[in-house]
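Here is the structure we will look at, set down as structure tokens.
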Amino acid sequence: GIFIGSNLVGSDIIVEQQKELVTKLEQEFNLLREQNRLTQDELAAFKSTADDYRLYCEQTFPLIISGKLNQKRVAVIEMHPSGMSEKVVKALKDAGADVRYTVSFDWNEKPDSRLFLSSGESAPIPEKEAYRRLSEQVAGLLLDGKDTQVLAKLRQTGFLTVKGEAGADIDGAVVIEGGEEDRSVVLSNFSLPLVDSFVKRGVDVVVGEKQGVLYSTLEAYRLRPVSTVDNIDTTIGLTSVVFSLQGKRGNYGTGSTASRLIPELTGE
């Protein structure tokens with residue numbers, strides 16, 4: 001009897017402890033649910049405010065950039081497919097720029113290195129050397145209008161797309177960089193030398209990337225006399241592009257390569 005009675009008393013204690021535990025868990029759950037509701041309300045308020053600011057930026061953007069690039073002759077070069085060129089071209093035209101030509105490269109149609117063999121040279125040549133030779137030929141086409149059989153073939157394959165008057169005189173160029181794949185070899189041996197060719201001609205270059213792009217290239221471009229914009233896919237970033245082409249060179253955006261959000265805006 002003593003044994004059974006002691007077990008019953010022990011069971012009652014355990015049951016009471018379990019009830020207390022369940023009650024505490026319910027209280028904590030209700031508290032968390034209320035906190036979650038408050039957080040959701042705060043997020044909704046922040047989203048509404050952010051939407052207001054975004055709408056404000058979009059509506060004032062044309063007024064801010066209007067006439068800032070009058071008489072400026074520019075080119076747009078898309079180093080990797082990003083879907084940004086049309087948006088950039090529209091912003092430049094809204095600012096009064098004359099977009100002389102646009103260029104894009106599709107690395108899914110990677111050029112065969114044998115295309116770049118010199119007379120009497122045997123294959124294969126190193127990939128890096130092939131990219132350097134490709135960069136020289138593309139620079140010749142874009143800056144001087146010098147076409148080649150190799151470039152004609154690359155246009156046929158879809159690797160190279162040129163719209164407008166390649167070789168026309170330009171004052172500035174917007175280079176759209178960055179991507180979802182690591183193309184460091186292309187960057188070092190093709191993209192950077194191509195941009196260097198424009199800089200040597202006295203062309204104002206702005207290099208832009210989408211915000212939060214997986215593989216950023218802007219750290220390499222910061223070492224060159226060009227402007228960088230790490231949020232070119234936003235209204236704020238496009239504002240930086242326009243004012244950079246106006247002569248306000250710098251590193252703009254919200255990421256680690258930026259020194260300030262936007263250039264100093266003036267009424268000039």
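The values are calculated or read from the model by the stated rules, or taken from the named source; none is laboratory data. Keep in mind it's a predicted model, so treat the numbers as computed, not measured. Counting neighbours? That spans all protein chains shown, and the Cβs are built from the backbone with ideal geometry, glycine included. When the accessible area is computed, the model is the full protein with side chains, heavy atoms only, and any ligands, DNA or RNA have been set aside. Shrake-Rupley method; radii C 1.70, N 1.55, O 1.52, S 1.80 Å.
Taking residues in region 29-58 that are on the phi < 0 side of the Ramachandran plot and surrounded by fewer than 10 Cβ atoms within 10 Å (Cβ to Cβ), and partners anywhere that are modelled with pLDDT of 80 or more and not in a helix (DSSP H, G or I), not one pair has Cβ atoms closer than 6 Å while being at least 6 places apart or on different chains.
The residue pairs whose first member lies in region 161-172 and is within 15 Å of Leu92 (Cβ to Cβ), whose second member is open to solvent by 40 Å² or more (accessible area, probe 1.4 Å) and assigned to a loop (DSSP other than H, G, I, E, B), and whose beta carbons are closer than 7 Å, counting only pairs six or more residues apart or on different chains, are Asp171/Lys72; Gly172/Lys72. Does at least one position in region 193-204 carry a residue that is aromatic (Phe, Trp, Tyr) and closer than 23 Å to Arg73 by Cβ? Yes, region 193-204 contains a residue that is aromatic (Phe, Trp, Tyr) and closer than 23 Å to Arg73 by Cβ. Flag: Pro126 matches the condition of being modelled with pLDDT under 95, touching a helix residue (DSSP H, G or I) at 6+ places or on another chain (Cβ under 9 Å), surrounded by fewer than 17 Cβ atoms within 10 Å (Cβ to Cβ) and not aliphatic (A, V, I, L, M). Scan region 190-204 and tell me whether some residue there is assigned to a strand (DSSP E or B) and either in contact (Cβ under 8 Å) with a residue 12 or more places away in the chain or touching a strand residue (DSSP E or B) at 6+ places or on another chain (Cβ under 8 Å) (or both). Within region 190-204, one or more residues are assigned to a strand (DSSP E or B) and either in contact (Cβ under 8 Å) with a residue 12 or more places away in the chain or touching a strand residue (DSSP E or B) at 6+ places or on another chain (Cβ under 8 Å) (or both). Apart from one condition, Arg224 fits all of (1) assigned to a loop (DSSP other than H, G, I, E, B); (2) buried (at least 21 other Cβ atoms within 10 Å of the Cβ); the exception is (2).
Residue-by-condition table, conditions (1) over 17 Å from the mean Cα position of the chain (by Cα); (2) in a loop (DSSP other than H, G, I, E, B):
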position	(1), (2)
Lys68	yes, yes
Gln71	yes, yes
Val74	yes, no
Glu86	no, no
Val89	no, no
Gly96	yes, yes
Arg100	yes, no
Leu115	yes, no
Gly120	yes, yes
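Every listed requirement among (1) without any contact (Cβ under 8 Å) to a residue 40 or more places away in the chain; (2) open to solvent by 50 Å² or more (accessible area, probe 1.4 Å); (3) more than 27 Å from Gly145 (Cα to Cα); (4) among the small types (Gly, Ala, Ser) is met by Ser216 save one, (1). Taken residue by residue, region 189-208 has at least one member that is modelled with pLDDT of 95 or more and touching an Asp or Glu at 6+ places or on another chain (Cβ under 6 Å). Pairing each residue of region 147-158 that is in a helix (DSSP H, G or I) and open to solvent by less than 80 Å² (accessible area, probe 1.4 Å) with any residue that is of a type in the set (S, T, N, Q) and modelled with pLDDT of 95 or more, provided the two are 6+ apart or on different chains, yields C-beta distances under 8 Å for Val150/Gln137; Leu151/Gln137. Of all residues in region 179-210, those being of a type in the set (Val, Ile, Thr), crowded, with 18+ Cβ neighbours inside 10 Å and closer than 21 Å to Asn251 by Cα number 5. Does region 137-151 contain any residue that is modelled with pLDDT under 95 and within 28 Å of Val213 (Cα to Cα)? Checking region 137-151: not a single residue is modelled with pLDDT under 95 and within 28 Å of Val213 (Cα to Cα). Return the residues of region 66-82 that are under 22 Å from Glu181 (Cβ atoms) and open to solvent by 70 Å² or more (accessible area, probe 1.4 Å); say none if nothing qualifies. If the condition is that a residue be under 22 Å from Glu181 (Cβ atoms) and open to solvent by 70 Å² or more (accessible area, probe 1.4 Å), then Pro81 is the only one that fits.
Exactly one condition in (1) within 20 Å of Lys68 (Cα to Cα); (2) touching a helix residue (DSSP H, G or I) at 6+ places or on another chain (Cβ under 9 Å); (3) assigned to a loop (DSSP other than H, G, I, E, B) is not met by Arg249; state its number. Only one criterion is unmet by Arg249, namely (2). Residues of region 164-182 that are hydrophobic (A, V, I, L, M, F, W, C) and in a loop (DSSP other than H, G, I, E, B): Ala166, Ala168, Ile170.
Condition test on Asp230, is it crowded, with 20+ Cβ neighbours inside 10 Å, modelled with pLDDT of 95 or more, within 22 Å of Val89 (Cβ to Cβ) and not hydrophobic (A, V, I, L, M, F, W, C)?
Working: crowded, with 20+ Cβ neighbours inside 10 Å: yes; modelled with pLDDT of 95 or more: yes; within 22 Å of Val89 (Cβ to Cβ): yes; not hydrophobic (A, V, I, L, M, F, W, C): yes.
Yes; evaluated as a whole, the condition is true for this residue.
Checked across region 126-138, the condition of being outside any helix (DSSP H, G or I) and of a type in the set (Gly, Ala, Ser) holds for no residue.
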